[in-house]
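The values are calculated or read from the model by the stated rules, or taken from the named source; none is laboratory data. Remember, predicted model here, so these are calculated numbers, not experimental data. Glycine gets a Cβ as well: all are built from the backbone with ideal geometry, and neighbour counts include every protein chain shown.
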Amino acid sequence: MATSGVSGYAAISARVRAMNASRLGPQVMEMLSETADFAALVGGLKQTAYRPYLESLKDKDITPRRVILKLKAKLADAYTSVIHMAPGHIRPLLTQLYRYYEVDNLKAVLRGIVTDPNWERIQDVLFPFGSLTVLPAQAMVEAGNVATAVELLRGTAYENILSFAMKRYSAEQTLFPLEVALDLDYWRQLWKQAKQLQGEDRAAALRVVGSLIDMNNLMWAIRYRVYHQLSEEELINYTLSFGFHVHDEDIRAIAAGADLSSVVGHIYPDVADLNTILEDAHSGLPKLEIQLQRQLMKQCMAAFTGNPFHAGLPLAFLILCGLEVRDLVVLIEAKSSQMAGEDFRPYVLNAAMDQK
């Protein structure tokens with residue numbers, strides 16, 4: 001098992017910095033944004049670190065869905081490589097961070113069982129999580145119903161949380177309680193793993209992981225209030241009471257009907273034009289999420305400055321890789337649907353125009 005301290009981090013720090021050098025910079029992202037169409041975008045991607053993943057696609061297989069799966073395969077390899085090289089004491093935290101994509105897979109499987117239990121179609125949308133997964137995904141789909149599928153998770157980390165949530169599912173026949181239970185449990189476990197670290201590892205991990213939790217929790221709370229009109233009690237029950245800058249009192253203020261611009265501005269003073277963004281909350285939430293994702297990017301990029309021998313560096317790198325794939329998915333969807341540049345550019349996080 002790898003050791004902690006400077007000696008334990010020397011190899012992974014060098015490896016992560018080398019891998020980070022192959023991430024797409026804002027100028028490359030801008031070049032990709034300017035490509036004429038989907039085919040040109042794929043051609044541009046083949047001139048980047050994604051080339052080995054795209055070269056295996058035959059011409060007839062070059063579809064938006066197939067290309068996105070290849071991009072996710074590169075992300076999966078990045079996680080696997082970093083987890084394998086990490087000092088033993090931070091490996092559980094990195095693995096839990098990676099479980100985000102397994103939780104998404106589990107939710108996709110449950111939705112597929114309810115809407116269209118066809119394994120081939122469901123398989124095509126699953127993240128290529130690899131050998132670390134504990135999901136018997138195909139067997140779950142072939143079980144034919146949610147209750148039987150959940151029973152197949154016996155012995156996994158998902159057994160208890162889903163078994164409890166199944167009571168509400170059975171009563172309401174909606175996947176919402178299952179999905180909320182999975183999400184809340186995932187973030188609680190991630191925070192728990194970060195808090196178990198010591199010293200600079202703990203401080204750095206809480207900064208990076210906490211910033212990710214802040215963004216998700218705040219957006220949950222606002223969406224629940226604006227889009228779903230949940231009661232104050234429900235909103236509090238379906239969100240988290242902890243975070244790096246977002247705290248229980250912030251969530252309770254949103255639940256109680258406080259002015260959203262004031263609450264968000266207190267937490268994120270660097271976000272400009274909040275009053276304008278949230279003037280119409282229904283249409284403004286996607287714009288707010290972009291601003292919070294950019295704040296997360298800044299926090300992750302800050303982990304690469306100063307002392308590199310802590311858990312924050314690999315955590316930040318992996319989150320940045322995920323945000324890069326997110327940007328590329330935006331471009332793929334925009335180019336394949338022939339969307340105008342002014343319509344999709346505001347949603348590209350790492351664009352050159354935003355670095356000036």
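Identify all residues within the stretch 177-223 that are within 19 Å of the chain's Cα centre (by Cα) and without any contact (Cβ under 8 Å) to a residue 40 or more places away in the chain; write none if there are none. Within the stretch 177-223, A181, D185, K192, L206, G210, I213, N216, N217, W220, A221 qualify.
Residue-by-condition table, conditions (1) in contact (Cβ under 8 Å) with a residue 24 or more places away in the chain; (2) touching a helix residue (DSSP H, G or I) at 6+ places or on another chain (Cβ under 7 Å); (3) not β-branched (V, I, T):
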position: A39; (1), (2), (3): no, no, yes
position: G44; (1), (2), (3): no, yes, yes
position: K58; (1), (2), (3): no, no, yes
position: D61; (1), (2), (3): no, no, yes
position: L71; (1), (2), (3): yes, yes, yes
position: H89; (1), (2), (3): yes, no, yes
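Residues in the stretch 109-127 that are without any contact (Cβ under 8 Å) to a residue 12 or more places away in the chain and among the charged types (D, E, K, R): D116, E120, R121.
Can you find, within the stretch 45-59, the residue that is surrounded by the fewest Cβ atoms within 10 Å (Cβ to Cβ) among those that are within 24 Å of the chain's Cα centre (by Cα) and closer than 15 Å to V325 by Cα? Out of the qualifying residues, it is R51.
When the criteria are applied in full, D77 fails the requirement of being acidic (D, E), modelled with pLDDT under 95 and out of contact with any Cys (no Cβ under 6 Å at 6 or more places or on another chain). In the stretch 268-298, the qualifying residues are those that are assigned to a helix (DSSP H, G or I) and touching a Gly at 6+ places or on another chain (Cβ under 9 Å), and the one that is farthest from D248 (Cα to Cα) is T276. Restricting the first member to the stretch 245-257 and to residues that are more than 12 Å from I267 (Cα to Cα), and the second to residues that are surrounded by fewer than 16 Cβ atoms within 10 Å (Cβ to Cβ) and of a type in the set (D, E, K, R), the beta-carbon pairs closer than 6 Å and six or more apart or on different chains are A255/E232; A256/E232. L278 fulfils the conditions (1) touching a residue at least 12 places away in the same chain (Cβ under 8 Å); (2) surrounded by fewer than 16 Cβ atoms within 10 Å (Cβ to Cβ) except for a single criterion, (2). Selection within the stretch 16-56: residues that are of a type in the set (V, I, T) and assigned to a helix (DSSP H, G or I). The member of this set that is farthest from D77 (Cα to Cα) is V28. For the stretch 247-275, filtering for residues that are touching a helix residue (DSSP H, G or I) at 6+ places or on another chain (Cβ under 7 Å), at pLDDT 95 or above and among the polar types (S, T, N, Q) leaves 1. Do we have R15 as at pLDDT 95 or above and either within 21 Å of M301 (Cβ to Cβ) or not aromatic (F, W, Y) (or both) here? For R15, the condition - at pLDDT 95 or above and either within 21 Å of M301 (Cβ to Cβ) or not aromatic (F, W, Y) (or both) - is not met.
F317 falls short of the stated requirement of being at pLDDT below 95 and either more than 21 Å from R223 (Cβ to Cβ) or buried (at least 20 other Cβ atoms within 10 Å of the Cβ) (or both).
Which members of the stretch 60-102 meet the condition of being among the hydroxyl-bearing types (S, T, Y) and over 17 Å from the mean Cα position of the chain (by Cα)? Step through it out loud before you land on a result.
At the first step, the residues of the stretch 60-102 found to be among the hydroxyl-bearing types (S, T, Y) are 63, 79-81, 95, 98, 100-101.
Within the stretch 60-102, T63, S81 meet the criteria.
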